[in-house]
Amino acid sequence: MPSRIVIADDQPEIREALQETLEATGREVHACATGVQALNSLRDNASNIDLAILDLDFGEGEPDGLEILRLIKDQVPDLPVIILTGKGTVETAVTALRLGAADFIEKDFYIEDRLELSVEKLERVLAVADENARLHQEVKDLGRENRFYRDEFGKRYQVVGTSPAMTQLLQQAERIASIPRPALILGEPGTGKELVAAAIHYGGARKDRPFVKVNCAALSPHLLESELFGHEKGAFTGAGDARTGKFEAADGGTLFLDEIGNTSAEFQQNVLRAIEYQEVQRVGSAAPFKVDVRVIAATNADLEREISEGRFRQDLYDRLKFEVLRISPLRERREDIQPLADHFVREIVQEVPGVQERSFSKEAGWAMMSYEWPGNVRELKFAAERAACVATGTDLGIDDLPPEVVNEAGTSPDGGFEGQLQAFELGLLRRALRATNWNQRKAAAALDLTYDQFRHFYRKHGLNKEKPSS
């Protein structure tokens, strides 16, 4: 949290008023009359300064605030800087923000209130950044202890899995991590697309720069454009202040666009331009500006079908598919189910006091292996956490799992190979019947069986006893 602040302003009354205001809230303040003095103070004591506040105009013969800002960013790139001005313009504000200023405040009757609000906002942002750094370190530490990680790349980012499909995916992600080109991640809901995007970012050359995430499906087209590109004050109704967009926030790093398939054609065109020219323009602004952003997009939609039906731009798809990563659904990599479930149990044991670490019973493990997991890893995480929280026995039993997992499990494979085969067969029949509302002919077709073949299995497993009453 910022508590040690350097202020530079050539007007003694402003300097003293701001120093008094900030010191009254418990912050330590060092006041300077020129930007050069502030720069020298930072040079001598940079590690102990949390925030700099600079006047824009220090008078004749002195470097202005923008020049001092450039020098500070060269010396201490991560130090937040607020610019003060008595004659601010939109162009000057944009320049200051592009040079790395955290905020731009006009000197007026309300300057003390404005500055206090700005400092409080920065404190909250930096507190979140500190917490993220702590969590990233915890993730790395936990990864070193988890025997299910395939390599260092997966170890650092909690990508759990032993299947060939996940091993290949991690190798592909590692290979492209430092290539400054777009990537497209495809997969069903809940497969972990955001996790893979984070692994690409933090495993590459941009790992020390921002990783910014946007859920495109959660915002209307109008709000989405403003969210990504920012807007100027008064650009539309409700735009009371200028706002930095996600592209600006991700400058030098990575922007993750989740659910890119759920966006309008106009929005797609703007994203395409930003990718092609590394240039964005705020809503309501007449001038674009340059950014350096690596875009990773993800979707569960069939983009080729969306293109053929006119809902997704071919040219944007061509740009995004520089590298395509496909995450297999959990039902196609069942060898990952048990390691993932065990991992989620260990996580919630550490997170929730009083929850004991237990192993899954043989029956519970079979139930999880037999279930189709339409919600993929996200659904499995919920099921494993629920089991850990409700269990009262010595292990995590089948009764601790959600009902939908148990209902599709079939019988426990106590009979070796034959028992497992019968249980799997029964699970297939039950799923096909439920999916077709217990219509046997449709279920037979879904399983690519003749009706006579289906009836044989139906009678063999006594499924008539399970048919719901109408």
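Just to check I understand the Karplus step: with θ = phi - 60° and J = 6.51 cos²θ - 1.76 cosθ + 1.60, what whole-Hz values come out for region 315-321, glycine and proline as x?
Each residue's phi maps through the Karplus curve to give 5, 5, 4, 4, 6, 5, 8 Hz.
If you line up the Cα atoms of region 176-218 on their principal axes, what length do they span on each, largest first, in Å?
The Cα atoms of region 176-218 stretch 28, 19, 16 Å along the principal axes, largest first.
Could you pull out every residue, at least 5 positions away or on a different chain, whose amide H is within less than 5 Å of the one on Asp103? Hs are placed 1.01 Å off N in the peptide plane, and Pro or chain starts have none.
Val81, Ile83
Using per-residue counts of other Cβ atoms within 10 Å, averaged over each peptide, order 343-354, 377-388, 204-215 from highest down.
My ranking of the peptides, most packed first, is 377-388, 204-215, 343-354.
Need one number: nm distance between label points at Arg334 and Asp292, each 7 Å from Cα along Cα→Cβ, rounded to one decimal.
Taking the two extended label points, one gets 4.9 nm.
Provide the gained length on full extension for the span Val36 to Gln75, in nm with one decimal, where the gain is 0.36 nm per separating residue minus the Cα-Cα distance.
Between Val36 and Gln75, full extension yields an extra 12.7 nm.
For Phe424 and Ala446, compute 0.36 nm times the residue count separating them, minus their Cα-Cα distance, and round to one decimal in nm. Don't skip to the answer; put the middle values down first.
Working: separation 22, 0.36 × 22 = 7.92 nm, distance 1.60 nm.
That works out to 6.3 nm of additional length.
How many angstrom lie between the C-alpha centres of region 350-369 and region 426-441?
Answer, in whole Å: 29.
Over region 329-406, one equal point on each Cα, no solvent: what is log10 I(q)/I(0) by the Debye formula at q = 0.12, 0.21 Å⁻¹?
-0.27, -0.85
Treat every Asp and Glu Cβ in region 4-125 as -1 and every Lys and Arg Cβ as +1, leave all other atoms uncharged, and give the resulting dipole magnitude about the Cα centre to the nearest 20 debye.
460
If you place +1 on the Cβ of every Lys and Arg and -1 on the Cβ of every Asp and Glu, how big does the dipole about the Cα centre of region 160-215 come out, in debye to the nearest 20?
220
Taking H as built 1.01 Å from N, whose amide H comes closer than 5 Å to the amide H of Ala31, not counting residues under 5 places away?
Ile7
Looking only at region 315-347, which residues have a backbone nitrogen under 20 Å from a spot 7 Å from the Cα of Arg273 in the C-beta direction?
Once the point is set 7 Å along Cα→Cβ of Arg273, 315-320 turn out to lie under 20 Å by backbone N, inside region 315-347.
List every residue whose amide H lies under 5 Å from the amide H of Ile185, counting only residues 5 or more places away in sequence or on a different chain, with H placed 1.01 Å from N in the peptide plane.
Ala297, Ala298, Thr299, Leu325
If each of Ser264 and Ala435 carries a label point 7 Å out from its Cα toward its Cβ, how far apart are those two points in nm?
So the label points at Ser264 and Ala435 sit 3.7 nm apart.
Modelled label-to-label distance, Glu13 and Gln350, 7 Å Cα→beta-carbon offset: nm?
5.7
What dipole magnitude, in Debye to the nearest 20, does region 146-328 give about its Cα centre under +1 on Lys/Arg Cβ and -1 on Asp/Glu Cβ? Spell out each step's value before the answer.
Numbers: 24 positive and 25 negative charges, 116 e Å.
Magnitude of the dipole: close to 560 debye.
Read-outs throughout are calculated quantities, based only on the coordinates presented, and are distinct from any laboratory measurement. Here the structure is a predicted model, which means the values were calculated and not measured. Ideal geometry is used to build each Cβ from the backbone, glycine not excepted, and the neighbour counts take in all protein chains shown.
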